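Visitor: Have a look at this one.
The values are calculated or read from the model by the stated rules, or taken from the named source; none is laboratory data. Quick caveat, the model's predicted, so the values are computed rather than measured. Heads up, the Cβs are rebuilt from the backbone with ideal geometry, glycines too, and the neighbour counts pull from every protein chain shown. In case anyone asks, the SASA skips ligands and DNA or RNA and just uses the protein heavy atoms, side chains included. Shrake-Rupley method; radii C 1.70, N 1.55, O 1.52, S 1.80 Å.
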Amino acid sequence: MRRRLPALQEDFQSYLLSLSGAMEQEIVSDTLDARMRLQIYADAYRLRLIEALETDFVALRAALGPEEFDRLGRAYIDANPSDHYSVRYFGRNLGRFLAQTDPYREQPVLADIARFEWAMTDAFDAPDANVATVADMAAVPPNDWPGLRFALHPSLQRIDLQWNASAIWHAADKDEALPAPEQAEYPVGWMIWRQGLQIYFRSLSVDQAWMLDALGDGQNFAEVCEGLTEWIDAQYVAGHAAGLLKQWVTDGLISGFIN
Amino acid sequence: MTVSLVYPPIGFGLGLRASHYEDILNGPRRIDWFEILSENYMVPGGKPLHYLDRIRAEYPLVMHGVSLSIGSTDPLNRDYLRDLKKLAERVQPAWISDHLCWTGVAGKNMHDLLPLPYDGETLDHVASRIQHVQEFLGRRILLENVSSYLTYKRSEMTEWDFLRELCNRADCLILLDVNNIYVSSVNHGFDPIEYLDGVPADRVQQFHLAGHRNLETHIIDTHDEPVVDPVWDLYADALKRFGPVSTMIERDDNIPAFAELADELDHARHIAVETLGSGTHSRRRVVPA
Ligand SMILES: [Fe+2]
């Protein structure tokens, strides 16, 4: 028997994606005509995905306004049909889309807001992991320190932002008037992570951002101290690095010490 | 003595929603069990799995998915099946369900429950995929009738005839959504009682109830309103035909306070007692693993 189901499903999906094609001929017209019946599905397809984006990008929607956000959603849906089984991941390319697509790329603050919000989404349900304590840190024998490496908590998201995305998010979260977009002179490093069930974010100075990335790359304590001399005087560098580490341990950012 | 095909009934449940987590854990116990949307918990960690484990420690759960795409002509999604099985190992659900539909082809996902044409080709295709999934999961699964808004010219049989034949071929179970029967009966002009009569009674494991939007020309299945009277009436008819089947109310949007949904569920209990008499709807408690 000729298999007709694959062609039918391709035609149906093409209709949903592009609102055109041969699908209409396959549908019974009665109290509602075939086109209207198909349109119910085409409308629902876009509405459902726009709702998913609204949930994940509250600040971006506040910055754009509901109508412009709807227009963005439709453009993004057309350019990036979902390819994951879970709608949870549908918005993962929105930051890149905004950075690369006219007219949005002319307002680079939008891409920064999207990347900031998506980092929070990723931190929210990232894997659970052990959290090292200050006592664990104190128990490391002094001789182990130079070669010591550090496991970062899997919820940690490291991004660099050129714009005041976090201030805009803050205002949107409290339903307050949004601050005007503001560009920093240099990109600013941010860390976004989960401690317990709570999401936190914090900006990083350039040496902090470098050190956190170096820890993530698997550099040991001696290598990190060496690298930090770019910004910190050699005689203070070990104390400086140990101080940052202790802070991050307290923040729940360090899952373990590897020697 | 006949051996029952279905799992033992577990009473009256609600869909588990994040906004109710604290009320469920701290408030009075008014619900026998919860249905989780599987995909919401197919994530690496954090809040969803934290609350899932805590609620599972106190209540039986069933898993309800939207991404199996059992009718798609794409190959079965192995990543999805692997993750589903992993979640089932964590949850130890009373049962696992998804929908009689397809959600996309060519690797794309429309995230909608799209209808299938009811003909021999679809029957062969879906039955063999159900068998594959059941083998992989090591258990019978439930498939739910979806609300639909169109009929394919090529369909050769009714939805209920298709469901009955599918159960025979694939040895699967049915999640009968009473609201979806009502919605589709209006959208396609069939008699919902004829639908109930056509469904094999020994395969019905669970009922869904939900609210919808009536747009006069057609009804959209929105799950954002209370259950309407004609659906309650049809629920009573379904109880008469199928007996004390485990029942839950789905609310996915415009979600009210937990107590309000628990009240609505009490109405379902009330109808069950009125229809079947007291004592027939066993509130068997499943001991959490
Ligand atoms: Fe349902």
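Visitor: Taking the Cα centre of the stretch A:127-259 as the origin, how large is its charge dipole in debye, to the nearest 20, when only Lys and Arg (+1) and Asp and Glu (-1) carry charge on their Cβ atoms?
Guide: Computed charge dipole of the stretch A:127-259: roughly 340 debye.
Visitor: Defining a contact as two alpha carbons under 8 Å apart and six or more residues distant in sequence, what relative contact order in percent does the stretch A:2-134 show?
Guide: The normalised contact order for the stretch A:2-134 reaches 18 percent.
Visitor: Within 10 Å of each Cβ of B:44-55, how many other protein chain Cβ atoms are there on average?
Guide: So the per-residue partner count for this stretch is 4.
Visitor: Average partner chain C-beta neighbours within 10 Å, per residue of A:114-127?
Guide: Neighbouring Cβ atoms belonging to other protein chains average 2 per residue here.
Visitor: Quick one: P(r) of chain B from all Cα-Cα pairs, 10 Å bins, percents rounded to integers, in order of increasing distance.
Guide: Going from the shortest bin to the longest, the percentages are 6, 29, 38, 23, 4, 0.
Visitor: For labels at residue B:213 and residue A:185 in the simple 7 Å Cα→Cβ model, what's the distance in nm?
Guide: Label at residue B:213, label at residue A:185, 5.2 nm between them.
Visitor: Still on this structure, please answer the following. Using a Gaussian network for chain B with springs between C-alpha atoms less than 10 Å apart, which of these wobbles most: B:89, B:225, B:39?
Guide: B:89
Visitor: Tell me the per residue accessible area of the protein assembly as shown using a 1.4 Å probe; a whole number in Å² is fine.
Guide: Per-residue value: 44 Å².
Visitor: Assuming a ≥ b ≥ c are the square roots of the Cα gyration tensor eigenvalues, decide whether the protein assembly as shown counts as rounded (a/c under 1.5), prolate (otherwise, with a/b larger than b/c) or oblate.
Guide: prolate
Visitor: Okay, moving on. I'd like the orientation of helix A:66-79 relative to chain A: the angle between its Cα long axis and the longest Cα principal axis, in ° from 0 to 90, rounded to 10.
Guide: Tilt relative to chain A: about 80 degrees.
Visitor: So, in nm, how far is label residue A:176 from label residue A:22 when the simple model puts each one 7 Å beyond its Cα toward the Cβ?
Guide: Here the modelled spin labels are 5.9 nm apart.
Visitor: Right, next: Please get the size of the charge dipole for chain B, origin at its Cα centre, with Cβ charges of +1 on Lys and Arg and -1 on Asp and Glu, quoted in debye to the nearest 20.
Guide: Roughly 1200 debye, rounded to the nearest 20.
Visitor: Tell me the mean residue ellipticity at 222 nm calculated for chain B from its helices only (DSSP H runs of n ≥ 4, each -39500 (n - 2.57), averaged over every residue, nearest 500).
Guide: Counting only the DSSP helices, I get -12000 deg cm²/dmol.
Visitor: Among A:75, B:75, B:178, pick out the residue whose Cα is farthest towards the positive end of the charge dipole of the protein assembly as shown, where Lys and Arg carry +1 and Asp and Glu carry -1 on C-beta, about the Cα centre.
Guide: Checked the options; the winner is B:75.
Visitor: Write out the GluC sites (Glu not before Pro) in the stretch A:176-259 meeting two conditions: DSSP loop, and at most 14 other Cβ atoms within 10 Å of their Cβ.
Guide: Here the GluC sites (Glu not before Pro) that fit, given the DSSP loop and packing criteria, are A:176, A:182, A:230.
Visitor: Continuing with the same structure: Based solely on its DSSP helices, what 222 nm [θ] is calculated for chain A when runs of n ≥ 4 H residues each add -39,500 (n - 2.57) and the sum is averaged over all residues, nearest 500 deg cm²/dmol?
Guide: The per-residue figure over chain A is -16000 deg cm²/dmol.
Visitor: Restricting to bridges with both residues inside chain B, how much of the DSSP beta-bridge set is antiparallel, in percent to the nearest 5?
Guide: Close to 10 percent.
Visitor: Below 8 Å, C-alpha to C-alpha, sequence gap of six or more: please give me the relative contact order for chain A in percent.
Guide: Computed value for chain A: 19 percent relative contact order.
Visitor: Suppose the chain between residue A:101 and residue A:136 were pulled fully straight at 0.36 nm per residue; how much longer would it get relative to their current alpha carbon spacing?
Guide: Result for the pair: 7.8 nm of gain on full extension.
Visitor: If the label point is 7 Å along Cα→Cβ of residue B:131, which residues in the stretch B:63-87 have backbone nitrogen under 19 Å from it?
Guide: B:70-77
Visitor: Measure off 7 Å from each Cα along the Cα-to-Cβ vector at residue A:151 and residue A:195, then give the distance between these two points in nanometres to one decimal.
Guide: 2.0 nm
Visitor: About the Cα centre of chain A, what is the dipole size in debye to 20, counting +1 per Lys and Arg Cβ and -1 per Asp and Glu Cβ, all else neutral?
Guide: 700 debye
Visitor: What average count of beta carbons from other chains do you get within 10 Å of the Cβ of residues in A:83-94?
Guide: 5
Visitor: Moving to a separate point now. Within a Cβ distance under 15 Å of residue A:158, other residues only, what is the Lys/Arg minus Asp/Glu net charge?
Guide: -4
Visitor: If you take the beta carbon distance between residue B:23 and residue B:191 as r and set R0 to 30 Å, what does 1/(1 + (r/R0)^6) give as a FRET efficiency, to the nearest 0.05?
Guide: 0.15
Visitor: For q values of 0.08 Å⁻¹, compute log₁₀ I(q)/I(0) with the Debye formula on a Cα-only model of chain A, without solvent.
Guide: Each listed q corresponds, in turn, to -0.47.
Visitor: Which residue fluctuates most in the GNM of chain A (Cα springs below 10 Å): A:183, A:39, A:100?
Guide: Taking springs between Cα atoms under 10 Å, the residue moving most is A:39.
Visitor: Something else now. Taking the Cβ of residue A:68 as the centre, find all other residues whose Cβ is under 12 Å away and add up their charges (Lys, Arg: +1; Asp, Glu: -1).
Guide: Counting the neighbours of residue A:68, the net charge comes to +1.
Visitor: Which percent, nearest 5, of DSSP beta bridges in the protein assembly as shown are antiparallel?
Guide: Of all bridge pairs located within the protein assembly as shown, approximately 45 percent are antiparallel.
Visitor: Give the relative contact order (percent, whole number) for the stretch B:132-289; include only Cα pairs under 8 Å separated by 6+ residues.
Guide: Relative contact order, the stretch B:132-289: 19 percent.
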